[in-house]
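Below: the structure, in structure tokens.
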Amino acid sequence: MKREMKKKLYKLTIQTNSIILFTMKRARILIVFSLLFWQYPANGQTKEIALITVESGNYDRENSFVNASLKGLEIDLANSDLVLYEVDKRNEYKIESQPDMAGDPVLWWRIKDKMKAGSTKKYSLRKEPKVTHGNTHAIDVTSKDGNLIVKSGGRNVIQYNFKEAPLPDGVPEIYRRAGFIHPLWSPKGEVLTRIQPPDHYHHVGIWNPWTHTEYKGKPIDFWNLSKGEGTVKPASIISTTSNDLYGGFRVLHNHIDLNGMTPEGYEVALKEEWNVRVWNIAKDAWLIDFVSTMNCATDSIFKIVKYRYQGFGFRATEKWNDKSANLLTSEGKDKEDGNSTRARWCDVNGVSEFGTSGILFITHPSNYNYPEPIRIWPVGANKGKENVFFNFNPAMDRDWVLEPGNDYQLKYRMYVYDGKIDSSKAEKLWQDFAFPPRVNVKVVNE
């Protein structure tokens, strides 16, 4: 009797354990099925819409910014979010990304870890239910007294001056100017730009005027304001952007012929849009992109005549001079022999409250007359005092004719830092700007 009872209990135990195991397996299957269903539900709330491959190409990569075209994809940002996942053999990771719908739509993100030359990364782009995001961003653009300030993590990066800056006492009104960047701060807070110095009242931080031009058969100088021939005025703030990946602004400038043959006595000869973007990178540096897009304002051509200084310019802090600052170009030139040479990049640094601070200026292969000649003040210029000036000048050795109906673009990047960088770091930053990783997008159809 006891033996029979033991057998029954043993069978019952086996049956019970089998049921438990079956139930556990079934639960696991249900959980997996539920996750799959959540990722790819029939109602379309979460849906994979593209597979993306990034190829590093011929260069090692680290902290590189890349973008993928969103053309041909089903996009509805009002009711859903685009979410990017990096996918490897074992796992997937959500990646901070940002759609940019101005012009041709693209999705931006940053490759945070290193990529060896010749390697690839794979991503899945999904449309997911809309999530309410906070009002604070890693890169914020705020307005102050009509001007724009871009901040990174609460620290000042640049100020764009939409309003005319006050003139020093006694300086003629003709020197009034707006539409420039100042201050440019280093990550630790050193101001690296200067405006309206006594030796050149028309120098204003970082700015982009043309010195020798021809319009409707007459010369116009937009750089030397004292001539009274031309000036540059901001027309409008087109847009500002604040998010966790980048922040910045788009503004429209008018290059004005002050002696135009119109009833008003002046005429807009050239229109220029600035697109300035500050990227969210390491805490010890800023990465700033500057894109200028120019087009003729009338049916007349606009000719930029060759001259030794004009275009994208930088006037440095008064702390910098022959002894307290250093310049190094991609071709190994410096303040002694760099003027009028060509360069893909130029590192400009000098003394600061924090030891040393600097800016690496980088040009892009798509620019006219690339790599552009550079204008720098050589040793002894400006009587050896406060004499750090840098200028990428695509029209130093040749004319540049801008025809009506066409857009003409110049692209530059600035890497702003405290301390020092070496030429290998500068070269790597140029490579990322000039030859970014290749991105391929495959649309996923239902």
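Rule-based calculations on the coordinates, nothing more; no lab input. Nothing here was measured: the structure is a model prediction, and the numbers come from that model. Note that each Cβ is placed from the backbone with ideal geometry, even for glycine, and that neighbours are counted across all protein chains shown.
Hey, what number do you get for the chain at 222 nm if only DSSP H runs of n ≥ 4 count, each worth -39500 (n - 2.57), divided across all residues, to the nearest 500? Write down the numbers at each step before the final one.
Details: 2 runs with 50 residues, N = 446.
Counting only the DSSP helices, I get -4000 deg cm²/dmol.
Taking a sphere under 9 Å around the Cβ of LEU252 and counting the other residues whose Cβ falls inside, with K and R at +1 and D and E at -1, yields a net charge of 0.
Please give me the summed charge of the neighbours of ASN391: other residues whose Cβ is under 11 Å from its Cβ, Lys and Arg +1, Asp and Glu -1.
Summing Lys and Arg as +1 and Asp and Glu as -1 gives +2.
Stretched out fully, how many nm does the piece from SER226 to GLU128 gain, at 0.36 nm a residue minus the Cα gap?
Using 0.36 nm per residue and subtracting the Cα-Cα distance, I get 29.5 nm.
Send over the semi-axes of segment 372-433's equivalent ellipsoid, whole angstrom and largest first, taken as the square roots of 5 times the C-alpha gyration tensor eigenvalues.
Values: eigenvalues 147, 93, 19 Å².
Over the Cα atoms of segment 372-433, the semi-axes work out to 27, 22, 10 Å.
Given the Cα-Cα distance of ASN382 and ASP76 and 0.36 nm per residue of separation, how much length would full extension add, in nm?
On the way: separation 306, 0.36 × 306 = 110.16 nm, distance 5.66 nm.
Roughly 104.5 nm would be gained on extension.
If you look at the Cα atoms of segment 296-446, you get an Rg and a Dmax of 18.1, 70 Å. Measuring nothing but how far apart in sequence close Cα pairs (under 8 Å, 6+ apart) lie, relative to its length, the chain scores a relative contact order of 14 percent. Taking 29 Å as the limit for the C-alpha separation, the pairs LYS114/LYS319; LYS122/LYS333; LYS271/LYS420; LYS151/LYS333; LYS188/LYS271; LYS335/LYS428 exceed it in the case of LYS114/LYS319; LYS122/LYS333; LYS271/LYS420; LYS151/LYS333; LYS188/LYS271.
Taking θ as phi - 60° and the Karplus parameters 6.51, -1.76 and 1.60, the scalar couplings of segment 304-316 work out to 8, 8, 4, 6, 6, 9, 4, x, 5, x, 9, 10, 7 Hz in sequence order, x denoting glycine and proline. Between the Cα long axis of helix 2-39 and the first principal axis of the chain there is an angle of about 20°, rounded to the nearest 10.
Take THR317, THR142, THR136 and order them by how many other Cβ atoms sit within 10 Å, fewest up front.
Values: THR317 20, THR142 13, THR136 9.
Fewest to most other Cβ atoms nearby, the residues stand as THR136, THR142, THR317.
Which of ILE301, ILE220 has the fewest other C-beta atoms within 10 Å, and how do the rest follow up to the most?
Details: ILE301 13, ILE220 24.
Neighbour counts put them in this order, fewest first: ILE301, ILE220.
Of the chymotrypsin sites (Phe, Trp or Tyr not before Pro) found in segment 73-144, not one falls in a DSSP loop while having at most 13 other beta-carbon atoms within 10 Å.
For segment 190-246, the list of trypsin sites (Lys or Arg not before Pro) that fall in a loop by DSSP and count at most 16 other C-beta atoms within 10 angstrom reads LYS216. Helix 423-434 and the long axis of the chain differ in direction by around 80°, with both axes built from C-alpha atoms. Comparing ASN63, ASN321, ASN161 in a Gaussian network model of the chain where C-alpha atoms under 10 Å apart are linked, the largest mean-square fluctuation is found at ASN63.
Here is the list for segment 86-131: trypsin sites (Lys or Arg not before Pro) lying in DSSP coil, each with at most 11 other C-beta atoms within 10 angstrom of its C-beta, are LYS89, ARG90, LYS116. Other residues with beta-carbon under 14 Å from the beta-carbon of GLU62 carry, at +1 per Lys or Arg and -1 per Asp or Glu, a net charge of +4. Cβ-to-Cβ counts within 10 Å put CYS346, CYS296 in ascending order as CYS296, CYS346, the fewest first.
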